[in-house]
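Report on the following structure.
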Amino acid sequence: MENVTERFLRYVKLDTQSSEEDTVPTTPGQIVFAKILIEELKKMDLKDISLDEYGNVMANLPANTNLDIPALGFLAHLDTSPDLSGKGVNPQIVENYDGGDIILNQEKKIILSPQDFSELQNYIGKRLITTDGTTLLGADDKAGIAEILTAIDYLKNHSEFLHGKICIAFTPNEEVGRGTDHFDIERFGAVFAYTIDGGPIGELEYENFNAAGAKVSVQGRNIHPGSAKGKMINAILLAQEYINQIPKGETPAETEGYEGFYHLTKIHGEVEEAVLSYIIRDFDLTSFQKRKEIMGQIAGKLNEKFGKDTFVVEIKDQYFNMKEKIEPVKHVVDIASQAMVAVGVAPDIRPIRGGTDGARLSYMGLPTPNIFTGGHNFHGKYEFIPTFAMEKAVEVILKIIEMYTEV
């Protein structure tokens, strides 16, 4: 039986970085990874193994008892974030971490330091896996995939461990908010599910942001600068005026906990036209709707100053807070919390300042809270994961499965 660290180190070598392309999945590397996983599932002799045209991998392990146990699902995603390259990932292993600086890249002087990331102090004496300072690591969410398959492998090799039907799935495009666009809930077959897609050890989440994406198009007028007085309208400068109207102190860098934000993610601009890309996030639905209204109001105000349709705002909802769908079946959270305690992990129940496939699955009729993978600093070159945290995630998955036989 391959251990979770060995699986993880194999998986991170594969480039599965998402993109903003309209294809499904957005990058061919996700299909390459999916096909590799299909072969592994076949070797494990799972049932109903499939890879659909959209990149969704599904399989199940049939129940080995006649007990009336609801079918449980465990999910993770194939892709890594488009924020930093996932090509040529070269993981470094730090044995018996001593609490000091970790040199990720000597040549580029990139250092993972407890002065910047104090959580490192929690892992003195532990084995860590880091990047080499040039790419992300990919624990989000290849650690989740490795943890699920290691747990399933354990069940296959321990027939005395009684369990109901276990459904597993690995989805594409989660990092660009499209992970469940083509997910077949009925085919998946689970009654309750868990995404293994959280951060540090102990995280357990059933609340997430309400989320929307906003595109602000700014129309200018380009005239030769030698004769532009009174005629040129510089869309880049107008875009700056829009940015300055966004409420102050409400960016990701200035908020925490249940506080929402506006996040400017991209600017593309020329004199003739500029485009601003924002994401809007808030836990409270009323506040979320207000944020969207404010973005439209800013455009309206500036259009009065600069002319009709100078600013056009397009807003598209992405996902909603799954708390509303989880609370009626809160036992799915309680069992996960009890499972963590049983294996020596302190549950850290907190809102997700982001989203997972579970948010959309919950609104599709499959209640799906989120459980830790063990990783830190996702989406960047300072990403790292303690190996013992991955091992604990496997234990938690197995304990959840065991506890459902006792309900």
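Note on region 210-318: Lys pairs 8 or more places apart or on different chains, Cα atoms under 20 Å apart, count 21. Think of region 111-245 as a dipole: +1 on every Lys or Arg Cβ, -1 on every Asp or Glu Cβ, centred on the Cα centre; then among Y206, I185, A239, A239 lies furthest on the positive end.
The ratio of the alpha-carbon radius of gyration of region 258-345 to the globular-protein estimate 2.2 N^0.38 Å is 1.66. Under the criterion of Cα pairs below 8 Å and six or more residues apart, the relative contact order for the chain equals 23 percent.
Relative to the longest principal axis of the Cα atoms of the chain, the long axis of helix 285-306 makes an angle of roughly 20 degrees. The magnitude of the dipole of region 82-140, with charges of +1 and -1 set on the Cβ of Lys/Arg and Asp/Glu and taken from the Cα centre, is near 140 debye. Each Lys or Arg adds one and each Asp or Glu subtracts one; over the other residues with Cβ under 15 Å from the Cβ of Q106, this totals 0.
When the GluC sites (Glu not before Pro) in region 188-294 are filtered for DSSP coil states and for at most 13 other beta-carbon atoms within 10 Å of their beta-carbon, the remaining sites are E256, E270.
When the trypsin sites (Lys or Arg not before Pro) in region 174-261 are filtered for DSSP coil states and for at most 11 other beta-carbon atoms within 10 Å of their beta-carbon, the remaining sites are K229, K231, K248.
Counting protein heavy atoms only, the chain has 48 percent of its accessible area on carbon and sulfur, 1.4 angstrom probe.
Averaging 1/r over every pair of different alpha carbons in the chain and inverting the result gives a Kirkwood radius of 22.7 Å. Select from T26, Y363, F261 the residue farthest towards the positive end of the dipole of the chain; place +1 on Cβ of Lys and Arg, -1 on Cβ of Asp and Glu, and compute about the Cα centre. Looking along the dipole axis, the top candidate is F261. Result for the chain in a Gaussian network model with C-alpha springs under 10 Å: among N208, N66, N105, the largest mean-square fluctuation is at N66. Heavy-atom accessible surface of the chain, averaged per residue, reaches 45 Å², computed with a 1.4 Å probe.
With the charge dipole of the chain set up from +1 on Lys and Arg Cβ and -1 on Asp and Glu Cβ about the Cα centre, the Cα lying farthest toward the positive end among the listed residues N105, T286, M44 is that of T286.
If the elastic network links every pair of Cα atoms under 10 Å, which of D184, D153, D309 fluctuates the most in the Gaussian network model of the chain? Sorting by GNM fluctuation, first place goes to D309.
What percent does the relative contact order of region 210-318 come to when contacts are Cα pairs within less than 8 Å and at least six residues apart? Taking the mean separation of contacting Cα pairs over the length of region 210-318, I get 40 percent.
Given Cβ point charges of +1 (Lys, Arg) and -1 (Asp, Glu) and nothing else, what value in debye, to the nearest 20, does the dipole of the chain about its Cα centre take?
With only Lys, Arg, Asp and Glu charged at Cβ, the dipole is about 920 debye.
Helix-only arithmetic for the chain: the sum of -39500 (n - 2.57) across DSSP H runs with n ≥ 4, divided by the residue total, places the mean residue ellipticity at 222 nm at -9000 deg cm²/dmol. For region 45-126, applying the loop criterion from DSSP together with a ceiling of 15 other beta carbons within 10 Å to the GluC sites (Glu not before Pro) yields E53, E95, E107.
Apply the a/c threshold of 1.5 to the C-alpha gyration tensor of region 210-318 and tell me whether it is rounded, prolate or oblate. Since a/c reaches 1.5 and a/b is larger than b/c, the shape of region 210-318 is classed as prolate.
For region 210-318, a crude dipole built from +1 on the beta carbon of Lys and Arg and -1 on the beta carbon of Asp and Glu, taken about the Cα centre, is about 440 debye to the nearest 20.
If you run the Gaussian network model on the chain, springs between alpha carbon atoms under 10 Å, then out of V12, V24, V57 the most flexible one is V24. The alpha carbon centroids of region 331-369 and region 185-206 are separated by 6 Å.
If you sort the three axes of the alpha carbon gyration tensor as a ≥ b ≥ c, you get a/c of 1.5 or more for region 56-118 and a/b above b/c, which makes it prolate.
Using alpha-carbon positions, what is the distance between the centroids of region 107-153 and region 272-286, in Å? About 31 Å separates the Cα centre of region 107-153 from the one of region 272-286.
Given axes a ≥ b ≥ c from the Cα gyration tensor, I'd like to know whether region 1-157 is rounded (a/c under 1.5), prolate (a/b larger than b/c) or oblate. Oblate.
The values are calculated or read from the model by the stated rules, or taken from the named source; none is laboratory data. Not measured: the values here are computed from a predicted model. Positions of Cβ are generated from backbone atoms using ideal geometry, with glycine treated the same way; all protein chains shown enter the neighbour counts. Just so you know, the surface numbers come from the protein's heavy atoms only, side chains and all, with ligands and any DNA or RNA stripped out. Shrake-Rupley method; radii C 1.70, N 1.55, O 1.52, S 1.80 Å.
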